[in-house]
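Input: a single structure, listed below in structure tokens.
Readers should treat all values here as calculations from the given coordinates under stated rules, not as data from a laboratory. For clarity, every value in this text was computed on a predicted model and none was experimentally measured. Positions of Cβ are backbone-derived with ideal geometry, glycine not excepted, and every protein chain shown enters the neighbour counts.
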Amino acid sequence: MTTIDTTKLGTTGPVVSRIGLGGMSMSGVYGKADEKESIATIHAALDAGVNLIDTGDFYAMGHNEMLIQRALADRKREDYLLSVKFGALRGPNDSWGGFDGRPAAVRNFLAYSLQRLGVDYIDIYRPARLDPNVPIEDTVGAIAEMVQAGFVRHIGLSEIGVDTLRRAAAVHPIVDLQIEYSLITRTIEERILPTARELGTAITAYGVLSRGLLSDSLRDRRPFAPDDFRAHSPRFQGENLTANLRLVDALAAIAEGHGATVAQLAIAWALSRGADIVPVIGARTAERLAESLGALELTLSEDELAAIEAAAPADQVAGTRYAAPQMALLDSER
Ligand SMILES: NC(=O)c1ccc[n+]([C@@H]2O[C@H](COP(=O)([O-])OP(=O)(O)OC[C@H]3O[C@@H](n4cnc5c(N)ncnc54)[C@H](OP(=O)(O)O)[C@@H]3O)[C@@H](O)[C@H]2O)c1
């Protein structure tokens, strides 16, 4: 088994691999996924020393959790950590219906997730978004009761802002905040990251590849399938995509000089921001995963990191990270 560097997640959290694996794209968010390949990717991750696997109960309505159960059936429970998001309400036609953070809903979501994942505890449990109708103290308080009862080990949050984070941390330690953070999405640096550091909360960074933009995979401008998230996401539309791919070209020139890929450069940059930043990378194939893990071998000097930041300045990215209705749901953007 390869050894991957590890880090402690927050002041009170578990020891995790420096890079985690996100399961979302294995349930069709970026186009179709192949079940066998997805399971092989999860196995390859564990075999490489990745121990953090992130999912959401709403990723294709439980599909992702059941896939993860099948992939992990023959693995020892102590060899992996499950990070699970809950709270998003779905409809049978794939629709979205807001978020539910009520204590009774927390217990209900958890009971179903434990069943679908085939485990008797979840390592890190987190509401996917703030429910604007429920005080965060109530949601986190309900998860804390589940910690007491042994069904959950640690509490995390997702896409919340500093006030909510402080209120939540006053109820129970928050081991990590899962939030978008990349070379071209650096909003957290101003207030959220310093507050998380003050409170001993790590960042599990998603979108480190900006959903595939910061890689070589979209440079051929193949059209997205209609159900691909990116078909409707501002950064991937027409002139925005053209402008953003110019940043990728600039990064590609630097990557070449390092014998690396754009994705590796983007991940290495995120890793360089601190041991408390844990990139959770989405991959559907073992090849992509291996490429991403290659970022751990890349050592960049301060000058090289500055050159990377100059090649793709966050203020030059065209388009917001979500479409307006989804942006409005982000407590972190208030
Ligand atoms: N808390 C939240 O609100 C939230 C939101 C979104 C995601 N997440 C979590 O974070 C995880 C990661 O997010 P994400 O998947 O949206 O973003 P991401 O890691 O930035 O991007 C994933 C995309 O990059 C591509 N990719 C991965 N490795 C690559 C490589 N080495 N070279 C080229 N392309 C590569 C993937 O392609 P393939 O699919 O073809 O492999 C996929 O299209 C998700 O799986 C999920 O668990 C959380």
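Annotations
- Remark: 78, 309 ranked as 78, 309, counting other beta-carbon atoms within 10 Å and listing the fewest first.
- Note on the chain: Kirkwood radius taken over Cα pairs, Stokes-Einstein applied at 25 °C and 0.890 mPa s, translational D equal to 123 µm² s⁻¹.
- Cut-off 12 Å between beta-carbons: net charge of the residues surrounding residue 323, Lys and Arg +1, Asp and Glu -1: +3
- Comparing Cα centroids, the range 238-308 and the range 1-54 end up 18 angstrom apart.
- Positive end of the dipole of the chain (Cβ unit charges, origin at the Cα centre): among 279, 318, 150, the Cα lying farthest that way belongs to 150.
- For the chain, built as a Gaussian network whose Cα springs stay under 10 Å, the top-fluctuating residue of 54, 216, 176: 216
- Between residue 246 and residue 112, the distance separating the two model label sites (each 7 Å from Cα on the Cα→Cβ line) works out to 4.6 nm.
- Net +/- balance of residues flanking residue 8 in space, Cβ distance below 13 Å, scoring K and R +1, D and E -1: -2
- Space enclosed by the convex hull of the alpha-carbon atoms of the range 10-91, per residue, Å³: 105
- Farthest positive-ward along the chain dipole, Cα basis, beta-carbon charges - from 89, 162, 46: 89
- With R₀ fixed at 45 Å, the C-beta to C-beta distance from residue 253 to residue 8 puts the FRET efficiency at about 0.80.
- Highest-first arrangement of 125-134, 264-273, 219-228, where packing means the average Cβ count within 10 Å: 264-273, 125-134, 219-228
- Cα-centre dipole for the range 1-130 with unit charges at Cβ (Lys and Arg positive, Asp and Glu negative), debye to 20: 360
- Highest GNM mean-square fluctuation among 32, 76, 85, for the chain modelled with Cα contacts below 10 Å: 76.
- Sorting 174, 203, 254 from the fewest to the most surrounding beta carbons within 10 angstrom yields 254, 203, 174.
- Rounded to 0.05, the FRET efficiency of the residue 310 and residue 76 pair, given R0 = 41 Å and the Cβ-Cβ distance, is 0.35.
- If R0 is 30 Å, the Cβ-Cβ spacing of residue 222 and residue 187 corresponds to a FRET efficiency of close to 0.55.
- Dipole magnitude of the chain, debye to nearest 20 (Cβ charges: Lys/Arg +1, Asp/Glu -1, about Cα centre): 600
- Each Lys or Arg adds one and each Asp or Glu subtracts one; over the other residues with Cβ under 10 Å from the Cβ of residue 314, this totals -2.
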